[in-house]
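Worksheet: the structure to be examined is printed underneath.
The values are calculated or read from the model by the stated rules, or taken from the named source; none is laboratory data. Since we're looking at a predicted model, the values are computed, not measured. Glycine gets a Cβ as well: all are built from the backbone with ideal geometry, and neighbour counts include every protein chain shown. The accessibility values were calculated without ligands, DNA or RNA, using every heavy atom of the protein model including side chains. Shrake-Rupley method; radii C 1.70, N 1.55, O 1.52, S 1.80 Å.
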Amino acid sequence: MVRLISLLMTCLLIMPGSVSNAKEIATISGYVKDAADGEALPYVNIVVPTLEVGTTTNAYGYYALRLPQGMHEITFSLIGYQSNKQTIDLAQNYTFDVELRASAIELLEVEVLAEEADQNVESIEMSTTGLEVKTVRQIPTVAGEVDLVQAVQLLPGVSTVREGASGFNVRGGSADQNLILLDEAIVYNAAHLFGFFSVFNADIAKDVKIYKGGIPARYGGRLSSVLDVRQKEGNAKRFSGQAGIGLLSGRMLLEGPLAGGRGSYIIAGRRSYGDLIFRALSSNSSTAHFYDVNFKANYNVDANNRLFISGYRGRDALKLEELLGDSWGNTTATIRWNRLFSRRLFVNFTGVFSNYNYNSDTFIAGAGFNWQSHITNYKFKTDFTYTLNPGSSLDFGASNILYRFSPGDIKPVGERSSAVETQLDRQFAIEPNIYVSVDHRLHPSLSLQYGVRLSAFRRHGAQNIPAYLNDQPIVFNEILGTYEGGTITGFTSYGSRKNIKSYIGLEPRFAGRWTLTESSSLKASYNRTRQYIHLISNTTAARPLDIWRPSGPFLKPQTADQVAVGYYRNFLDNTYETSVETYYKKLNDLVDYIDGADLTANNNLETELLKGGGRSYGMELMVRKNGGKLTGWLGYTWSRTERQTPGMGAGDPGINNGDYYPAGNDKTHDLSVTTTYAFNPRWSLSTNFVLASGTPTTYPVSRYEFANFIIPHYEVRNGARLPMYHRLDLGLTYAVPSGNNWVFSIYNVYNRRNAASIMVGQAEDDKFETEAVQTSIFGIVPGITYNRRF
């Protein structure tokens, strides 16, 4: 791989478009920041119109652009900010920091200005969407709680299986196939209150970006998408704060400068208080609540070195009288060092700690027990960005992740408990990788991004690994027509750090953009992704107790190949942005579960899993209005997501006789319309309408009597669908000049009782009758929130 990188760099230095006379070229570089608080601004567009070249700032607001010496007019622009045009006489390498001011709001007419540059047309990125937090704040949500993940689910290609699901699905991928990052730390469960809200506090979030395809080579470890959330750095110019109170939770944020302005800090906290109200009004001991705390600080050591420290701690608690007591949450910590080795070479060194843990106390007569599980990882990574020549840059780096899986420590609770103390096998692994990627401007109309990621995974001891008769951990009983666990013939003992199983694979990445006119372009992308860890769950929507397991002797890494093609077109000076994308994704080495799979406290999950694959394909339409009193977007997705589980050999039917069948997250149609209308500078109305096909489900096709019980018989998995889902949300915001505001919202205005599930079974009053019972999560939900700045 090192040779490959060296060869690629050599080719880049002599490729067409490189500058032959270095004395005629100089580098302009620096940081772009918010004029109000000194926050670094990522992804700012920097364009030299006369040369038709440009670049963007990186995630830390840094840019570097190689230009011929002489006079240049350079434009710095970003949605929501006034463009900044500078005329610079570039006679030598030059450091130039820029501040952008937020777009002014006229008193007589509220106008949200569109981008000056056709960024969505000119950018090489496709299948990628960035969301401004101020836009997310205007979207009506449950009980008025601002939520980043709910906003992401309104984008084409992104969906959820039902209300209250703790994950989201991207282009047919399952919930565990999304890489969720908070300041580069992996978040394993991004949900509060079983998915009603996410762990991301919008007050402290600065940048939200989701990659559905065309995933850059620097990202890896998941099949379907990357959700990259960056926290604010804090106000470097003055102390300030804000607070908010709603029906379900309260929030507070404080920020200010450090060391005389050489750095800054920010800290934010949230807590729901439904449990406090419930206790005050009822003697019932049931309760549910969550809290989270975010922190970030940075310090400018000198002009070339900058340090960042950030962290997150969040936890949920649920108690159902004296029957159940659960708690779960994430803890992350990130330390980063940005260094400029030269104006052309930017380096970021990162160390990350991430932990997700679950604790459950269950009290059932005679069998009370406590269950604890966790997944912990330590990540070390280095990312380099080298500016080659006008319009071209090289990114390369390496990382390593150390994993520790503890799927379950089970202990009896109570003197009379019949539960048996059990410790499921702890598992250990490392995941090293190295990558290189090039942004290459071949022509003003043609740009390419190509690269490769080499990833590996090593499962190691200490652990005892079972051996099965005929190497079959699961077998099919043709007489009974059912699957059952294989026969264990012995165990192989692996000592500490001894290799159990290793994998390695290349992940090529490619994206291209061909500009057709000033306002339209064609884009295409291809990426292969590999995923080495698996979320073991036989429910469609992930639960807190679902267990993460590493690849190993019985569980291969998942792989996916995705190709996408898109057409982008803007209208009326970029007031309207439109795009149409089609994609096809092939997934390999997925697992599905046998009927009646027992995943609880199971040390040998390979006896419950069948190997298979899948495919997903579809079309996504996005129409977005950026200017005028009325802003918002329409997103529509037509797609199919299918799985195939053929079984293990002759006489083994697999699932649905080995044919393709709809995945549990398949939605043929998915439409969302999100709008905001500004009546004047103080009053604005937001609406959100969602219409989607019902998700697949399995109904019984017959029934039989056994031991005086009526037993339903299921034949075709996911052969039916729930009813169509739809709802309308409204939000009304009243803002005052000081920055304070009131937000009034109604979720599910017409009280649609959408089906979360439909259970078919024996009727309570007549065992020979069959009844279907529908479960719904939300009806109409009002909300009110007050936000204050100080």
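Restricting attention to region 517-527, does a residue exist that is surrounded by 13 or more Cβ atoms within 10 Å (Cβ to Cβ), outside any strand (DSSP E or B) and within 31 Å of the chain's Cα centre (by Cα)? Full working, then the answer.
Taking region 517-527 first, the residues surrounded by 13 or more Cβ atoms within 10 Å (Cβ to Cβ) are 519-527.
Those left that are additionally outside any strand (DSSP E or B): 519.
Then keep just the ones that are within 31 Å of the chain's Cα centre (by Cα); that gives 519.
Scanning region 517-527, I find at least one residue that is surrounded by 13 or more Cβ atoms within 10 Å (Cβ to Cβ), outside any strand (DSSP E or B) and within 31 Å of the chain's Cα centre (by Cα), so the answer is yes.
Taking residue 197 as meeting all but one of (1) open to solvent by 10 Å² or more (accessible area, probe 1.4 Å); (2) farther than 21 Å from residue 355 by Cα; (3) in contact with a strand residue (DSSP E or B) (Cβ under 8 Å, 6 or more places away or on another chain), write down the number of the exception.
(2)
Just to be sure I understand the filter: pairs with C-beta atoms under 8 Å, separated by 6 or more residues or on different chains, first member in region 652-680 and within 16 Å of residue 640 (Cβ to Cβ) and basic (Lys, Arg), second member modelled with pLDDT of 95 or more and open to solvent by 20 Å² or more (accessible area, probe 1.4 Å). Which pairs pass?
none
Out of all the residues in region 726-737, is one or more at pLDDT 90 or above and over 23 Å from residue 248 (Cβ atoms)?
Among the residues of region 726-737, at least one is at pLDDT 90 or above and over 23 Å from residue 248 (Cβ atoms), which makes the answer yes.
Quick check on residue 645: is it in contact (Cβ under 8 Å) with a residue 40 or more places away in the chain, open to solvent by less than 60 Å² (accessible area, probe 1.4 Å) and in contact with a Ser or Thr (Cβ under 6 Å, 6 or more places away or on another chain)? Break it down into steps so the answer makes sense when it comes.
Values: in contact (Cβ under 8 Å) with a residue 40 or more places away in the chain: yes; open to solvent by less than 60 Å² (accessible area, probe 1.4 Å): yes; in contact with a Ser or Thr (Cβ under 6 Å, 6 or more places away or on another chain): no.
When the stated conditions are applied, residue 645 does not pass them.
Tally the residues that are of a type outside the set (A, V, I, L, M, F, W, C), over 30 Å from residue 676 (Cα atoms) and free of Cβ contacts under 8 Å to residues at least 60 places away in the same chain, restricting the search to region 762-787.
Counting residues in region 762-787 that are of a type outside the set (A, V, I, L, M, F, W, C), over 30 Å from residue 676 (Cα atoms) and free of Cβ contacts under 8 Å to residues at least 60 places away in the same chain gives 9.
Would you check if residue 218 is open to solvent by 10 Å² or more (accessible area, probe 1.4 Å), among the charged types (D, E, K, R), at pLDDT 95 or above and over 24 Å from residue 358 (Cβ atoms)?
On the way: open to solvent by 10 Å² or more (accessible area, probe 1.4 Å): yes; among the charged types (D, E, K, R): yes; at pLDDT 95 or above: yes; over 24 Å from residue 358 (Cβ atoms): yes.
Judged against the criteria, residue 218 is a match.
Within region 57-91, which residues are polar (S, T, N, Q) and at pLDDT below 90?
Applying the first criterion (polar (S, T, N, Q)) to region 57-91 yields 57-58, 69, 75, 77, 82-84, 86-87.
Hits for region 57-91 are 77, 82, 83.
Of the conditions (1) out of contact with any His (no Cβ under 7 Å at 6 or more places or on another chain); (2) modelled with pLDDT of 90 or more; (3) under 25 Å from residue 222 (Cα atoms), residue 547 fails just one. Which one is it?
Here residue 547 clears every test but (2).
Condition check: modelled with pLDDT of 95 or more, open to solvent by 20 Å² or more (accessible area, probe 1.4 Å) and either among the aliphatic types (A, V, I, L, M) or in contact with a helix residue (DSSP H, G or I) (Cβ under 6 Å, 6 or more places away or on another chain) (or both). Does residue 506 satisfy that?
Yes, satisfied.
Is it fair to say residue 414 is modelled with pLDDT under 95, surrounded by fewer than 20 Cβ atoms within 10 Å (Cβ to Cβ) and touching a Lys or Arg at 6+ places or on another chain (Cβ under 9 Å)?
Numbers: modelled with pLDDT under 95: yes; surrounded by fewer than 20 Cβ atoms within 10 Å (Cβ to Cβ): yes; touching a Lys or Arg at 6+ places or on another chain (Cβ under 9 Å): no.
Against the criterion (modelled with pLDDT under 95, surrounded by fewer than 20 Cβ atoms within 10 Å (Cβ to Cβ) and touching a Lys or Arg at 6+ places or on another chain (Cβ under 9 Å)), residue 414 does not qualify.
State whether the residues of region 694-703 include one that is within 30 Å of residue 654 (Cβ to Cβ), within 29 Å of the chain's Cα centre (by Cα), part of a strand (DSSP E or B) and not hydrophobic (A, V, I, L, M, F, W, C). Steps first, please.
Here is the first cut: in region 694-703, the ones within 30 Å of residue 654 (Cβ to Cβ) are 694-703.
Next cut, within 29 Å of the chain's Cα centre (by Cα) only: 694-698.
So of that shortlist, the ones also part of a strand (DSSP E or B) come out as 696-697.
Pick out the ones that are also not hydrophobic (A, V, I, L, M, F, W, C) and you get 696-697.
Yes, that holds for at least one residue.
Mind telling me which of the residues 112, 98, 53, 121 ends up being open to solvent by less than 50 Å² (accessible area, probe 1.4 Å), hydrophobic (A, V, I, L, M, F, W, C) and either at pLDDT 90 or above or under 30 Å from residue 683 (Cα atoms) (or both)?
Values: 112 fails: open to solvent by less than 50 Å² (accessible area, probe 1.4 Å); 53 fails: either at pLDDT 90 or above or under 30 Å from residue 683 (Cα atoms) (or both); 121 fails: either at pLDDT 90 or above or under 30 Å from residue 683 (Cα atoms) (or both).
None of the others qualify; the one that does is 98.
Can you name the residue in region 270-288 that is touching a Phe, Trp or Tyr at 6+ places or on another chain (Cβ under 7 Å) and closer than 22 Å to residue 203 by Cβ and is also most open to solvent (accessible area, probe 1.4 Å) among such residues?
As a first pass, look at region 270-288 and keep what is touching a Phe, Trp or Tyr at 6+ places or on another chain (Cβ under 7 Å): 270-272, 287.
Checking the rest, the ones that are also closer than 22 Å to residue 203 by Cβ come to 270-272.
On the way: 270: 17, 271: 84, 272: 5 Å².
Residue satisfying both the conditions and the ranking: 271.
For the condition farther than 30 Å from residue 144 by Cβ and either exposed (fewer than 15 other Cβ atoms within 10 Å of the Cβ) or modelled with pLDDT of 85 or more (or both), what is the one hit in 688, 708?
Numbers: 688 fails: farther than 30 Å from residue 144 by Cβ.
It is 708.
Taking region 724-750 as the region of interest, how many residues are over 26 Å from the mean Cα position of the chain (by Cα), farther than 21 Å from residue 680 by Cα and open to solvent by less than 60 Å² (accessible area, probe 1.4 Å)?
Total satisfying the criteria: 1.
Picking from 380, 308, which residue would you name as being open to solvent by less than 10 Å² (accessible area, probe 1.4 Å) and of a type in the set (A, V, I, L, M, F, W, C)? First the steps, then the outcome.
On the way: 380 fails: open to solvent by less than 10 Å² (accessible area, probe 1.4 Å).
Sole residue among the options that is open to solvent by less than 10 Å² (accessible area, probe 1.4 Å) and of a type in the set (A, V, I, L, M, F, W, C): 308.
Is it fair to say residue 240 is surrounded by 18 or more Cβ atoms within 10 Å (Cβ to Cβ) and either modelled with pLDDT of 90 or more or more than 30 Å from residue 414 (Cβ to Cβ) (or both)?
Values: surrounded by 18 or more Cβ atoms within 10 Å (Cβ to Cβ): no; either modelled with pLDDT of 90 or more or more than 30 Å from residue 414 (Cβ to Cβ) (or both): yes.
It is false that residue 240 is surrounded by 18 or more Cβ atoms within 10 Å (Cβ to Cβ) and either modelled with pLDDT of 90 or more or more than 30 Å from residue 414 (Cβ to Cβ) (or both).
Can you confirm whether region 758-775 contains a residue that is within 30 Å of residue 640 (Cβ to Cβ), open to solvent by 30 Å² or more (accessible area, probe 1.4 Å) and in contact with a Gly (Cβ under 7 Å, 6 or more places away or on another chain)?
The answer is no; no qualifying residue exists.
Could you tell me whether region 394-411 includes any residue that is open to solvent by 20 Å² or more (accessible area, probe 1.4 Å), part of a strand (DSSP E or B) and among the β-branched types (Val, Ile, Thr)?
The answer is no; no qualifying residue exists.
Going residue by residue through region 594-615, is there one that turns out to be open to solvent by 20 Å² or more (accessible area, probe 1.4 Å) and at pLDDT 95 or above?
Within region 594-615 (the criterion being open to solvent by 20 Å² or more (accessible area, probe 1.4 Å) and at pLDDT 95 or above), the answer is yes, since at least one residue qualifies.
I'd like to check something: does region 297-306 contain any residue that is in contact with a Pro (Cβ under 6 Å, 6 or more places away or on another chain), of a type outside the set (Asp, Glu) and part of a strand (DSSP E or B)?
The initial filter retains those residues of region 297-306 that are in contact with a Pro (Cβ under 6 Å, 6 or more places away or on another chain), namely none.
There is no residue in region 297-306 that is in contact with a Pro (Cβ under 6 Å, 6 or more places away or on another chain), of a type outside the set (Asp, Glu) and part of a strand (DSSP E or B).
Is it the case, given these coordinates, that residue 677 is over 27 Å from residue 635 (Cβ atoms), open to solvent by 60 Å² or more (accessible area, probe 1.4 Å) and hydroxyl-bearing (Ser, Thr, Tyr)?
On the way: over 27 Å from residue 635 (Cβ atoms): no; open to solvent by 60 Å² or more (accessible area, probe 1.4 Å): yes; hydroxyl-bearing (Ser, Thr, Tyr): yes.
Spelling it out, it is not the case that residue 677 is over 27 Å from residue 635 (Cβ atoms), open to solvent by 60 Å² or more (accessible area, probe 1.4 Å) and hydroxyl-bearing (Ser, Thr, Tyr).
At pLDDT below 95 and touching a His at 6+ places or on another chain (Cβ under 9 Å): which single residue out of 701, 743 fits that description? Spell out how you get there, then give the answer.
On the way: 743 fails: touching a His at 6+ places or on another chain (Cβ under 9 Å).
Result: 701 is the single residue among 701, 743 that is at pLDDT below 95 and touching a His at 6+ places or on another chain (Cβ under 9 Å).
Where in region 159-261 are the strands (runs of 3 or more DSSP E), entirely inside, with at least 2 residues that are over 25 Å from residue 546 (Cβ atoms) and among the basic types (Lys, Arg)?
Numbers: elements: 178-182, 205-211, 225-231, 240-246, 249-258.
Correct list: 205-211.
Please work out which one of (1) touching a residue at least 24 places away in the same chain (Cβ under 8 Å); (2) within 27 Å of residue 181 (Cβ to Cβ); (3) open to solvent by 20 Å² or more (accessible area, probe 1.4 Å); (4) out of contact with any helix residue (DSSP H, G or I) (no Cβ under 7 Å at 6 or more places or on another chain) is the condition residue 233 fails and give its number.
(3)
Being among the charged types (D, E, K, R), open to solvent by less than 20 Å² (accessible area, probe 1.4 Å) and more than 30 Å from residue 516 (Cβ to Cβ) narrows it down to one residue among 431, 421; which is it?
Details: 421 fails: open to solvent by less than 20 Å² (accessible area, probe 1.4 Å).
Selected residue: 431, the only one of 431, 421 that is among the charged types (D, E, K, R), open to solvent by less than 20 Å² (accessible area, probe 1.4 Å) and more than 30 Å from residue 516 (Cβ to Cβ).
List pairs: first in region 87-101 and closer than 18 Å to residue 42 by Cβ and assigned to a strand (DSSP E or B), second open to solvent by less than 90 Å² (accessible area, probe 1.4 Å) and among the β-branched types (Val, Ile, Thr), Cβ under 6 Å, 6+ apart or cross-chain?
Pairs that qualify, where the first residue is closer than 18 Å to residue 42 by Cβ and assigned to a strand (DSSP E or B) and the partner is open to solvent by less than 90 Å² (accessible area, probe 1.4 Å) and among the β-branched types (Val, Ile, Thr), are 98/32.
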